[in-house]
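The values are calculated or read from the model by the stated rules, or taken from the named source; none is laboratory data. Quantities reported herein were computed from a predicted structural model and do not represent experimental measurements. Here the Cβ positions follow ideal geometry from the backbone for every residue, glycine too, while neighbour counts run over all protein chains shown.
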Amino acid sequence: MSQAKNKMWDGRFEEGTSALMDEFNSSLNTDKAFIVEDVLGSKAWSSALEKQGVLTSEERESIHRGLDSILEKYFAGTLEFLPSDEDIHMAVERLLGLEIGDAAAKLHTGRSRNDQVATDFHLFVKNRLGEAAASLRELQKALLFRAETDRDIIVPGYTHYQQAQPVSLAHYWLSFFYLLERDYARITNAAKNADIMPLGSGAIAGSGFAVDRELLRTALGFSAITDNSIDGVAARDFVLESLNALAATGLSMSRYAEDLIVWSTREFGYVTLSDAWSTGSSMMPQKKNPDSLELIRGKSGRLVGNYSRFATTLKGVGLSYFKDLQEDKEPFIDSVNQVKLIMAVFTEVLKTLKINKDRIAAALDPFLLATDLADYLVRKGMPFRNSHHVIGSIVGHCDKNGIALNKMSTADLKGFSELFDEDVQSLFDWNTALNGRDIPGGTGPTSVANQIAKAKAILG
Ligand code: ARG
């Protein structure tokens with residue numbers, strides 16, 4: 001059933017659209033999010049039109065006043081949208097008519113919603129990614145705080161969740177810091193690629209009014225203008241790239257959340273989450289669950305989903321604009337909001353995390369030093385493959401007889417290789433093990449100090 005005609009574009013139509021079509025077509029609930037960018041774009045556009053002699057200065061002033069008033073009402077919660085408002089652009093134009101009358105009808109001269117929405121969204125994506133990057137920096141600060149606080153704590157380093165080699169806890173936190181540094185680069189790079197202005201592209205072929213695009217660019221604070229109007233209205237790779245950077249960040253967060261979830265179990269007990277970032281069970285009174293971290297891990301799926309959701313949409317869309325492209329907004333807004341939340345939560349979890357030094361110390365198994373023993377024999381002249389084998393037999397012997405590796409006497413060790421000497425006993429010390437790995441990037445104290453210094457320099 002179609003309704004009465006009520007659209008700004010319905011001159012060539014005989015009947016109105018169906019109410020269901022209106023609902024299906026409407027993106028207003030999503031694109032309301034960038035009403036500020038839409039108003040900024042329209043203010044700049046009307047100034048450009050004035051320069052072209054399309055608008056008088058009174059008309060331009062009245063448009064600016066009307067747009068400001070729309071924003072004010074929006075933030076006061078008194079702006080009245082209609083179900084027939086197709087999107088934020090049509091809504092603002094309609095509302096402008098109510099604010100200022102006839103002059104509003106001139107605003108859309110030489111402009112299309114195709115270059116309008118592309119411009120709004122470039123601006124929006126650039127700004128929101130800037131916020132996401134700033135929230136990531138806060139998490140890096142918390143990691144630096146942890147690294148400095150936990151500098152003297154030695155933990156088992158794991159591969160395959162099997163104890164591998166001892167590392168300083170600071171070294172572990174800094175691994176997270178430097179991963180985030182790459183996520184930061186991906187996000188800021190995506191923001192840089194969004195920083196380009198399509199306005200003036202018109203529907204596809206370029207505006208029929210020779211507006212000064214350079215002036216528009218400076219007014220809107222973009223770094224560059226698009227070189228090709230077809231590309232200007234059609235390109236959404238900037239959205240895809242942003243979704244990708246946000247999804248990658250989500251995956252980084254998920255992996256560290258996973259570790260801390262394991263570390264917070266009774267079996268590990270390395271860390272205790274503060275009550276503020278945990279929840280209880282509705283049935284089991286003893287439970288304290290690391291839900292904050294589980295949600296961070298879980299939301300990584302949502303972020304990857306948002307990327308693949310829009311990539312799938314974009315794949316089949318030819319040139320230039322098709323309505324499919326409207327589907328870029330929801331995934332981006334969701335992803336960027338979720339990443340900001342995830343960052344804020346993980347930051348607080350880290351700041352309030354209790355480290356249980358005794359539990360960690362008790363968990364350090366002397367087998368963690370097996371590689372150091374193998375290296376010892378290498379220094380005494382044995383080829384590494386052979387020393388690996390010798391230490392393997394010692395580990396097997398200890399395992400079978402329930403002997404801790406550091407309880408092997410020099411005489412016991414000599415039974416496996418003549419190359420062992422009294423000095424081997426000095427290896428059974430966690431700090432010796434760390435000091436022995438003081439190459440750049442290693443877990444030794446100079447390396448960790450350098451990592452901290454570099455991290456501080458990055459954060460400024
Ligand atoms: N709401 C639309 C979007 O988000 C705006 C552009 C509409 N353009 C058009 N030719 N129908 O993509």
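Here the condition is being surrounded by fewer than 22 Cβ atoms within 10 Å (Cβ to Cβ), at pLDDT below 95 and closer than 23 Å to LYS351 by Cα; of THR265, THR279, THR272, it holds for THR279 alone. Quick check: anything in the stretch 200-218 on the phi < 0 side of the Ramachandran plot and within 26 Å of the chain's Cα centre (by Cα)? No, that holds for no residue.
Restricting attention to the stretch 110-139, the residues that are within 28 Å of LEU55 (Cβ to Cβ), in contact with a helix residue (DSSP H, G or I) (Cβ under 6 Å, 6 or more places away or on another chain) and more than 16 Å from the ligand (Cβ to nearest atom) add up to 1. Within this structure, LYS5 fails the test of being among the basic types (Lys, Arg) and either touching a strand residue (DSSP E or B) at 6+ places or on another chain (Cβ under 9 Å) or within 29 Å of ARG60 (Cα to Cα) (or both). The selection criterion, being buried (at least 17 other Cβ atoms within 10 Å of the Cβ) and either under 28 Å from the mean Cα position of the chain (by Cα) or on the phi < 0 side of the Ramachandran plot (or both), does not hold for LEU364. Does the stretch 88-107 contain any residue that is under 34 Å from the mean Cα position of the chain (by Cα) and farther than 29 Å from THR17 by Cβ? No. Of all residues in the stretch 86-109, those satisfying the criterion of being outside any helix (DSSP H, G or I) and either crowded, with 19+ Cβ neighbours inside 10 Å or within 14 Å of the ligand (Cβ to nearest atom) (or both) are GLU86, ASP87, LEU107, HIS108. Once the stretch 68-85 is narrowed to residues that are of a type outside the set (Phe, Trp, Tyr) and part of a helix (DSSP H, G or I), the residue that is surrounded by the most Cβ atoms within 10 Å (Cβ to Cβ) is ILE70.
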